[in-house]
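Engineer: Provided herewith is a single structure, encoded as C-alpha cells, for subsequent inquiry.
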C-alpha cells in the first residue's frame, strides 16, 4: 500500500478505527492486515451467506504473540473481535461486526506434532480437519470427528462449534476427541484448558470452551486424540416403503445392542435429488433409505453386518444391499454426502436446518414438516443423522425472490421450534451463531440466558469477543415473541401443540 | 420416587437469605473427597430419587440426583445396557448426583470415556434458587454453552445438580481379560502400542509386575484380539472380581492400613499415558504403584509433602490429587493458573453469588 492510500483511508475513517489500524500495524506485518473494501469483502460472511457485514479490518496473525498483541490492542480500544477459522460455518458465527475486526486463523496452519505412541496430534487452529487424518494415516491412526465440510473446515472452527459428523454415535463429537486447548483471552492472557493427561484440576473449562463459538477465548493450539483406523468397513443400504417403519428400524437397531459407525436416513425427495446427481443406484421407489455402517476388524464387521441385516429385515426393510467392496461402499455413501450440492442443483438456493430430536419422534417431525411445506409453499428434502436424531431438512427456495427467503426463514424457525417441542434442540452441530439466536429464546428462559451471559463474562468481562452471537438479549426475545403473535402463531413453543 | 425440587429451592433461598452455606450430601460415601466444607447446614439429596425417563432405543436415561447408582445400574442391566463410565460405588447407597459432581470414572476411562463424555444435560438449582435446564436428552446439542459439562466434576460448588440425562451404552457382547508378566516400563509401552491398533481394549491395570488387559466388544473382535495379543486368559470370576475391585477401590492397594498408619497418603497422579516411570527419586516412597488407564492414572502412597508431589506431577505434564483425608490442611486438588483461577471465581459468582454451595470443597475460598 502506498503512503497516500493509507492517508486517504485514515481520512475517511472514524478516528477510533484509524487509531486502531495504526496500532495493529505496529504489531503485524502490513501484509497481514486488510482494511480495503476489496480485501475485506471475502470475509463479509461465512457459510451462511444470507447475512453479511464488512468489518473495520481483517487481521491474519502468524503466531500466538501476534494474536496476543491484536487482542490487547482491541481490548484497549474497546473494539470487538470476531474470530474466524475457514469460514465454512453454517450459522453465521464468524459474521463480522461493522464496528469490529475479524481475526482469521488461516495463517496459523501448522501441524506441530504427531505422536503415534501416545496417539496425539498438536495442531495450530487453522489446520484443516482432513489434514489431521492425512498426517496420521502413515501410523494407521485418524481423527474421528468428520463434519461434511472436513476438506475445508479447520480444527479451530471445530473447537468453536463442537463439530460432529456422520460417525458421532460411535466415536463422539469434538468435545470427546480434544484433550487440550491453548488460547488467548481477550485481555491478552495465555491460558491452557485441559492437559496432556485425561483430566485437569478444577472446573472442566475445556468442556465449556468447546462449542463456545469463539466467544470465550481465541484458540491458538489444539491437542487432539487420534484413534486406530478400523481395517474394515461395510455399509448396508436398506429401503423402506414407509417413513415410520424406517424410523422404527433405527430404534430397533439400537435396542438390539448395536452401535453402528454411521446410521443415516434420507427421504424420497432427497433420494431422488441425489440419485439424479451421483447415480449411486438408490431405490427411487423407497419412501426412506437407511445407510447403516459397521467398522472394525473384518471378523467383527462380518458379525455386525449379519446382526444389523437381520434387525432391518425384521423391521420391514423392502430391499437390503450390503457393500461388497470399498468402491461400492463409497458409492452408497456418495449420495448422502452429496445431498447439499444436489439440493443446490435442483433449486437456486437451499436453507439447511440442524435440529436434533429424540429418535422416536423422527416420523412425527417429518409429518409436521410435510404439513409446513404446504403452508409455506416451499419444498423441503430431508437428510439426517438418524442414529443420533440430528435432522438436516433442506428448504428449497429462490433467493432472488425476497418473499421466498422470508418464507424459508419462517419455515426454518418453525421446524426448530417443533424440535424443541419434541424434547430436542435447535442446533445439533452447526451452532447458534447469528442464525438461530431468535430460536434460543424458545429453548432457554430468561434465567438460563442470564447464566450464559455470566459464563461469557467470566472469560471475557469486557464482552468484546464475538459479543453479538449465540445468546439473545431479553429485548430480542421480546421482539421475537411479538413477531410470532403478529403472524398468528403460538408465542411459546415449549407448550405442547397438537 | 419423590420430587423434592420445591423443597430444595426453599432450603437454598433460606440459606442465601441467612448467609448460611450448605453442604450438599447424597449418600455421603465420598465425603472424604475434596477439602472439608465450611458449612453448618447440610442439604440432603437422597430423597430426591427416581428414574424420570429411560428409553433403551434412545440410549438415554434421565434420573434425579438422589437415585442410587445401584438402582440405575439394575434398571439398565434389565435392558442389556450399562453406565459406560463405570463410576466407583463406595457404598451401596452411592448416588447419581455424587457420581456426576465428583466425575470419578472407572477402569474404562481412556478407552470408553469418562463421566464428562456421557452427560447430555441436567437441571441445576443455582444459588438464587432458580431451576435452570442445560443440554437435553439428545446426543448432539450445541445450543448455548455446555454448562452441563461445567457442572460435571464441579464438586457441587456452582449449584445443586438435581436431575441428569446420560448417554448409556449396550453391555458388550463379549469380554475377556488377559494377564502378562511385565515390568512397569514395559507394561506402559505395550499398552500404548496396543492402544494404537484396532484392538477392543476396554481397561488396563499394572500392579506388582503383572499387567491385566480387559477386552470388550463383538465376539469375533475379542476372540481375534486374544489370539493376537498372547498372554494368559483369566477366568471369568477372577476377572470380574479384579475389575470390580479396581472400579470400587476395594482392592487392598487402596486400603493399605500399614501405609496409612505409617503416615503415608494415597495420591492419584493424572499423567500423559506415555510419561516415564515415576521413581522414588522423584517422589519419595513412589515404589509399588498401581497403574491404570493405559498409563494415565498412577496411584501411589507417599509421605512426601503435597507440594513436592504436585511439582513432580506438573513436571511430567499432569497433576496430582490427594485421595484421602490424612494430611489435613493440604488442598485436595492442584491449583490452576492465576488466570484460570480468576475465571473460576467469576463462574462461582455467576452461579452462586451468595456463596451458598459447598464452600471450600474444590478450593479454599471458592
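The values are calculated or read from the model by the stated rules, or taken from the named source; none is laboratory data. Owing to the predicted nature of the structure, the values given are computational and were not obtained by experimental measurement. Every residue, glycine as well, gets a Cβ built from its backbone with ideal geometry; the counts of neighbours run over all protein chains shown.
Engineer: When segment B:47-84 is examined, which residues are found to be assigned to a loop (DSSP other than H, G, I, E, B) and within 12 Å of chain A (Cβ to nearest Cβ)?
Structural biologist: B:59, B:79, B:80, B:84
Engineer: Would you pick out the residues in segment B:336-358 that are assigned to a loop (DSSP other than H, G, I, E, B), surrounded by fewer than 22 Cβ atoms within 10 Å (Cβ to Cβ) and more than 7 Å from chain A (Cβ to nearest Cβ)?
Structural biologist: B:353, B:354, B:355
Engineer: Given (1) closer than 19 Å to residue B:334 by Cβ; (2) part of a helix (DSSP H, G or I), where does residue B:238 come up short, assuming only one miss?
Structural biologist: Here residue B:238 clears every test but (1).
Engineer: Against the definition (assigned to a strand (DSSP E or B), away from chain A (no Cβ under 14 Å), surrounded by 21 or more Cβ atoms within 10 Å (Cβ to Cβ) and touching a strand residue (DSSP E or B) at 6+ places or on another chain (Cβ under 6 Å)), how does residue B:267 come out, yes or no?
Structural biologist: For residue B:267, the condition - assigned to a strand (DSSP E or B), away from chain A (no Cβ under 14 Å), surrounded by 21 or more Cβ atoms within 10 Å (Cβ to Cβ) and touching a strand residue (DSSP E or B) at 6+ places or on another chain (Cβ under 6 Å) - is not met.
Engineer: Right, residue B:293: within 19 Å of residue B:111 (Cβ to Cβ) and within 14 Å of chain A (Cβ to nearest Cβ) or not?
Structural biologist: Criteria met by residue B:293.
Engineer: Does segment B:123-133 contain at least one residue that is within 15 Å of residue B:61 (Cβ to Cβ), touching a strand residue (DSSP E or B) at 6+ places or on another chain (Cβ under 8 Å) and more than 10 Å from chain A (Cβ to nearest Cβ)?
Structural biologist: For segment B:123-133, residues within 15 Å of residue B:61 (Cβ to Cβ), touching a strand residue (DSSP E or B) at 6+ places or on another chain (Cβ under 8 Å) and more than 10 Å from chain A (Cβ to nearest Cβ): present.
Engineer: Filter segment B:66-80 down to residues that are surrounded by 21 or more Cβ atoms within 10 Å (Cβ to Cβ) and touching a residue at least 60 places away in the same chain (Cβ under 8 Å) and give me whichever is nearest to residue B:155 (Cα to Cα).
Structural biologist: B:66
Engineer: Only one of these is touching a strand residue (DSSP E or B) at 6+ places or on another chain (Cβ under 8 Å), more than 8 Å from chain A (Cβ to nearest Cβ) and within 24 Å of residue A:198 (Cα to Cα): B:104, B:120. Name it.
Structural biologist: Every option except B:120 fails the conditions.
Engineer: A further question follows. Which of the residues belonging to segment A:333-349 are surrounded by 23 or more Cβ atoms within 10 Å (Cβ to Cβ) and touching a strand residue (DSSP E or B) at 6+ places or on another chain (Cβ under 8 Å)?
Structural biologist: A:335, A:336, A:339, A:343, listed by residue number.
Engineer: Looking for something farther than 19 Å from residue A:470 by Cβ, facing chain B (nearest Cβ under 8 Å) and in contact with a helix residue (DSSP H, G or I) (Cβ under 6 Å, 6 or more places away or on another chain) - is there at least one such residue anywhere in segment A:211-223?
Structural biologist: Looking for residues that are farther than 19 Å from residue A:470 by Cβ, facing chain B (nearest Cβ under 8 Å) and in contact with a helix residue (DSSP H, G or I) (Cβ under 6 Å, 6 or more places away or on another chain), one finds none in segment A:211-223, hence no.
Results for (1) part of a helix (DSSP H, G or I); (2) surrounded by fewer than 17 Cβ atoms within 10 Å (Cβ to Cβ); (3) within 12 Å of chain A (Cβ to nearest Cβ), shown as yes or no for each residue.
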| position | (1), (2), (3) |
| --- | --- |
| B:10 | yes, yes, no |
| B:24 | no, no, no |
| B:30 | no, no, no |
| B:37 | no, no, no |
| B:86 | no, no, no |
| B:100 | yes, no, yes |
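Engineer: Related question: Evaluate segment B:255-263: report whether one residue or more is crowded, with 19+ Cβ neighbours inside 10 Å, assigned to a loop (DSSP other than H, G, I, E, B) and in contact (Cβ under 8 Å) with a residue 12 or more places away in the chain.
Structural biologist: No: zero hits.
Engineer: So, one more: Could you grab me the full set of residues in segment A:74-91 that are surrounded by 24 or more Cβ atoms within 10 Å (Cβ to Cβ) and within 22 Å of residue A:460 (Cβ to Cβ)?
Structural biologist: Passing the criteria: A:74, A:81, A:82, A:83, A:84, A:85, A:89, A:91.
Engineer: Out of A:257, A:296, I need the residue that is surrounded by fewer than 19 Cβ atoms within 10 Å (Cβ to Cβ), more than 25 Å from the chain's Cα centre (by Cα) and not assigned by TED's automatic domain parsing to the domain that holds residue A:142. Which one?
Structural biologist: From the options A:257, A:296, the qualifying one is A:257.
Engineer: For residue B:186, only one of the following conditions fails: (1) without any contact (Cβ under 8 Å) to a residue 24 or more places away in the chain; (2) assigned to a strand (DSSP E or B); (3) surrounded by fewer than 23 Cβ atoms within 10 Å (Cβ to Cβ). What is its number?
Structural biologist: With respect to (1) without any contact (Cβ under 8 Å) to a residue 24 or more places away in the chain; (2) assigned to a strand (DSSP E or B); (3) surrounded by fewer than 23 Cβ atoms within 10 Å (Cβ to Cβ), residue B:186 is out only on (2).
Engineer: Continuing with the same structure: Given the conditions (1) buried (at least 22 other Cβ atoms within 10 Å of the Cβ); (2) within 10 Å of chain B (Cβ to nearest Cβ); (3) part of a loop (DSSP other than H, G, I, E, B), report the number of the one that residue A:461 does not fulfil.
Structural biologist: So residue A:461 meets the others, but not (1).
Conditions (1) at pLDDT below 95; (2) under 16 Å from the mean Cα position of the chain (by Cα), marked per residue:
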| site | (1), (2) |
| --- | --- |
| B:45 | no, no |
| B:57 | yes, no |
| B:66 | no, no |
| B:81 | no, no |
| B:88 | no, yes |
| B:93 | no, no |
| B:101 | no, yes |
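Engineer: Considering only segment A:354-362, I want to know if a residue exists there that is more than 14 Å from chain B (Cβ to nearest Cβ) and surrounded by fewer than 22 Cβ atoms within 10 Å (Cβ to Cβ).
Structural biologist: Among the residues of segment A:354-362, not one is more than 14 Å from chain B (Cβ to nearest Cβ) and surrounded by fewer than 22 Cβ atoms within 10 Å (Cβ to Cβ), which makes the answer no.
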